[in-house]
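Contents: one structure, followed by commentary.
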Amino acid sequence: MAISIKITKTSQSRIELYDFEQVQFGNVFSDHMFVADYIDGEWTNIEVLPFQHLSLSPSTFALHYGQAIFEGMKAFKNNKGEAQLFRPLENHKRLNISAKRMGMIEVPEELFMTGLKTLIDVDRDWIPTKQGSALYIRPFMFATDNFVGVRPAKHFKFIIFTCPVNAYYPKPIKVVVEQHYVRAFDGGVGFAKAAGNYGISMLPTLEANQKGFDQIIWTDGREHKYIEESGTMNVFFVIGDTVVTPNLDGTILAGITRDSCIALLKQKGYKVEERKISVDEIIDAHKNGHLKDAFGAGTAAIIAKIASFNYEGTDYALPPAEERVVSNWLYQTLYGIQTSTVPDNFGWIDLV
Ligand code: COI
């Protein structure tokens with residue numbers, strides 16, 4: 001597919017309105033967005049245009065039946081001031097894994113990559129450079145059929161927009177092990193980045209927040225015995241000298257940050273195990289003094305240290321953040337690779 005993108009630039013940039021050092025995560029949007037429509041079997045209306053509202057019929061399919069998926073990725077500036085992406089092809093692959101599971105059209109690699117790079121090029125001045133900041137990129141796709149009957153949709157809109165962001169969590173997070181609600185189940189969509197996975201997490205998160213917790217540790221849907229994810233992130237524990245993380249069994253999102261952490265840890269010589277981890281094992285490790293570190297890993301937060309976890313009303317505190325060898329090293333190394341202050345031995349960086 002030869003991609004031709006119509007580019008319309010804004011006549012009035014909004015960039016001067018914002019102090020990038022102060023922006024919150026996710027409520028400031030860059031000047032432009034990329035849009036493409038899948039209509040009658042082909043991709044059309046392929047454009048970079050000023051960021052703007054959409055005009056949708058109230059009957060838009062995704063609003064009723066949830067055929068909607070998204071990705072999260074980031075652009076950074078390196079020390080020469082060049083714009084660069086971190087493992088963008090992995091996001092493209094995962095978008096299509098989600099699309100397939102949700103019965104949606106797959107996005108061709110060239111459309112994804114050309115649209116993405118054109119947008120980042122046009123809005124390269126929006127990439128912040130303060131330590132810990134990035135340009136967060138949100139590719140997403142939803143069903144646009146104007147139809148309230150229930151059958152897989154035939155028309156889709158694929159959009160990418162971006163937000164300059166600072167740290168997602170200002171400090172280590174307090175989490176609670178979920179014993180009632182379930183995020184995902186065997187045969188479901190837990191492995192996909194489907195909008196509905198986030199929708200069903202809102203009430204449990206609200207309840208956890210009301211009890212003073214930042215996030216939930218999701219457990220398996222059969223017994224609430226095995227740990228799955230932490231909020232919107234994959235989760236890692238350091239027990240003794242071994243780093244453990246739940247294996248990808250269909251209910252867990254295959255995080256690109258997760259995969260990068262595993263690769264970096266193995267290269268550094270750590271023993272890494274991807275396997276089932278029971279809540280009991282983590283509590284025992286805590287009681288025996290073997291639980292050295294616990295953290296979430298995701299695109300938005302990169303590494304989010306867990307300050308404490310609560311299980312059945314008891315709080316279990318983790319060692320102080322500054323003493324965490326693994327999570328501190330991983331954050332420095334990953335963010336260092338993303339911004340090119342640490343060499344990229346894996347070929348993860350893609351210049352724009
Ligand atoms: C991520 O960190 O990858 C996420 O998906 C978080 C996002 C939903 C803000």
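Residues that are among the acidic types (Asp, Glu) and either more than 16 Å from the ligand (Cβ to nearest atom) or in a strand (DSSP E or B) (or both) within region 29-74 comprise ASP31, ASP37, ASP40, GLU42, GLU47, listed in sequence order.
Note on region 16-28: residues that are surrounded by 12 or more Cβ atoms within 10 Å (Cβ to Cβ) and either more than 16 Å from the ligand (Cβ to nearest atom) or among the β-branched types (Val, Ile, Thr) (or both) total 4.
Restricted to strands (runs of 3 or more DSSP E) entirely inside region 156-259, those with at least 2 residues that are closer than 27 Å to LEU111 by Cα and touching a Phe, Trp or Tyr at 6+ places or on another chain (Cβ under 9 Å) are 156-165. The residues of region 44-66 that are within 22 Å of PHE147 (Cβ to Cβ) and touching a helix residue (DSSP H, G or I) at 6+ places or on another chain (Cβ under 6 Å) amount to a single one, GLY66. The requirement of being more than 16 Å from the ligand (Cβ to nearest atom) and surrounded by 19 or more Cβ atoms within 10 Å (Cβ to Cβ) is satisfied by LEU111. Scanning region 110-124 finds no residues that are in a strand (DSSP E or B) and either outside the structural domain of ALA195 (by TED's automatic domain parsing) or not basic (Lys, Arg) (or both).
Determine, yes or no, whether MET104 is outside any strand (DSSP E or B), more than 16 Å from the ligand (Cβ to nearest atom), touching a residue at least 40 places away in the same chain (Cβ under 8 Å) and not assigned by TED's automatic domain parsing to the domain that holds GLY190. So MET104 fits the description; yes.
Can ILE283 be described as in contact with a strand residue (DSSP E or B) (Cβ under 9 Å, 6 or more places away or on another chain), under 22 Å from PHE25 (Cβ atoms) and either of a type outside the set (Gly, Ala, Ser) or part of a loop (DSSP other than H, G, I, E, B) (or both)? No, not satisfied.
ARG94 fulfils the conditions (1) assigned to a loop (DSSP other than H, G, I, E, B); (2) of a type outside the set (Ser, Thr, Tyr); (3) at pLDDT 95 or above except for a single criterion, (1). When you scan region 313-334, do you find a residue that is aromatic (Phe, Trp, Tyr), in a helix (DSSP H, G or I) and out of contact with any Asp or Glu (no Cβ under 6 Å at 6 or more places or on another chain), even just one? So far as region 313-334 goes, yes, one or more of its residues are aromatic (Phe, Trp, Tyr), in a helix (DSSP H, G or I) and out of contact with any Asp or Glu (no Cβ under 6 Å at 6 or more places or on another chain). The residue that is farthest from ILE277 (Cα to Cα), counting only those in region 312-332 that are more than 16 Å from the ligand (Cβ to nearest atom) and buried (at least 19 other Cβ atoms within 10 Å of the Cβ), is ARG324.
The C-beta contact set for region 247-260 (first residue free of Cβ contacts under 8 Å to residues at least 60 places away in the same chain, second residue of a type in the set (Lys, Arg) and surrounded by fewer than 16 Cβ atoms within 10 Å (Cβ to Cβ), distance under 7 angstrom, 6+ apart or interchain) comprises ASN247/ARG275; ASN247/LYS276.
Conditions tested, residue by residue: (1) within 13 Å of the ligand (Cβ to nearest atom); (2) modelled with pLDDT under 95.
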site: CYS163; (1), (2): yes, no
site: TYR168; (1), (2): yes, yes
site: PRO172; (1), (2): no, no
site: VAL175; (1), (2): no, no
site: HIS180; (1), (2): no, no
site: ALA184; (1), (2): no, no
site: LYS193; (1), (2): yes, no
site: GLY199; (1), (2): yes, no
site: MET202; (1), (2): yes, no
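Checking each residue in region 75-101 for being within 16 Å of the ligand (Cβ to nearest atom) and in contact (Cβ under 8 Å) with a residue 60 or more places away in the chain picks out ALA75, PHE76, LEU85, PHE86, ARG87, PRO88, GLU90, ASN91, ARG94, LEU95, ILE97, SER98. Screening region 289-303 for residues that are more than 9 Å from the ligand (Cβ to nearest atom) and under 18 Å from the mean Cα position of the chain (by Cα) and picking the one that is surrounded by the fewest Cβ atoms within 10 Å (Cβ to Cβ) gives ILE303.
The values are calculated or read from the model by the stated rules, or taken from the named source; none is laboratory data. Just so you know, these numbers come straight off a predicted model, no measurement behind them. Neighbour counts are summed over all protein chains in view; Cβ atoms, including those assigned to glycine, are modelled from backbone coordinates with ideal geometry.
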